[in-house]
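Below you'll find the structure, written out as C-alpha cells, and then a few comments.
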Amino acid sequence: MVTISLGEGNTQLPPEVNRVPYVQNLPFNISSEEMYDIFGKYGAIRQIRIDTNKDTRGTAFVVYEDIYDAKTVIDHLSGFNVANRYLIMLYYQQAKMSKMFDQKKKEDKITKL
C-alpha cells in the first residue's frame, strides 16, 4: 500500500494505484493531440503510448508525473464517451500484462506447430 503525506495526515491508496493508466476502447483513429487534449486536463503527462498493433488497437498507456493525477483521471474518465466509444480505464499492472504476453506467445507457438 502506498502512503503519501499531505501535510495534515496520511492518505492511503490501494496497491494497484500507480502513475500509468491503461486505456481501452479508444477510437482506432484517435491522434496524439486528441489524447493530450483529453488526458492533459488532469495533470502533467510524461508520455502517451498509443498501441497501433492489429491486436491492441484502441488501447493506450498514459504516464503521468504524479500518482494523484493518474488516480483522478481514472476516477473521472472511466465510462467517458469519446467518438461514441466508452473508455475503460485501468491501472497498468506489470504482472498481468507479462502473463497475457506470455500466454499469447505460447498460443502462437502452438499454432505454428
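List of remarks:
- Scanning the range 62-94 for residues that are under 14 Å from the mean Cα position of the chain (by Cα), closer than 17 Å to Lys41 by Cβ and of a type in the set (S, T, N, Q) yields Thr72, Ser78.
- For the range 42-67, the set of residues classified as in a helix (DSSP H, G or I) and within 14 Å of Leu90 (Cα to Cα) consists of Ile67 only.
- Checking Ala70 against (1) surrounded by 12 or more Cβ atoms within 10 Å (Cβ to Cβ); (2) modelled with pLDDT of 95 or more; (3) not acidic (Asp, Glu), the condition it does not meet: (2)
- Where Tyr22 falls short, out of the listed (1) in a loop (DSSP other than H, G, I, E, B); (2) crowded, with 17+ Cβ neighbours inside 10 Å; (3) of a type in the set (Ser, Thr, Tyr): (1)
- Any chance Asp37 is over 10 Å from the mean Cα position of the chain (by Cα) and without any contact (Cβ under 8 Å) to a residue 12 or more places away in the chain: yes
- Residues located in the range 31-50, provided they are within 16 Å of Arg85 (Cβ to Cβ) and either surrounded by 16 or more Cβ atoms within 10 Å (Cβ to Cβ) or not acidic (Asp, Glu) (or both): Ser31, Met35, Ile38, Phe39, Ile50
The values are calculated or read from the model by the stated rules, or taken from the named source; none is laboratory data. Since we're looking at a predicted model, the values are computed, not measured. Glycine gets a Cβ as well: all are built from the backbone with ideal geometry, and neighbour counts include every protein chain shown.
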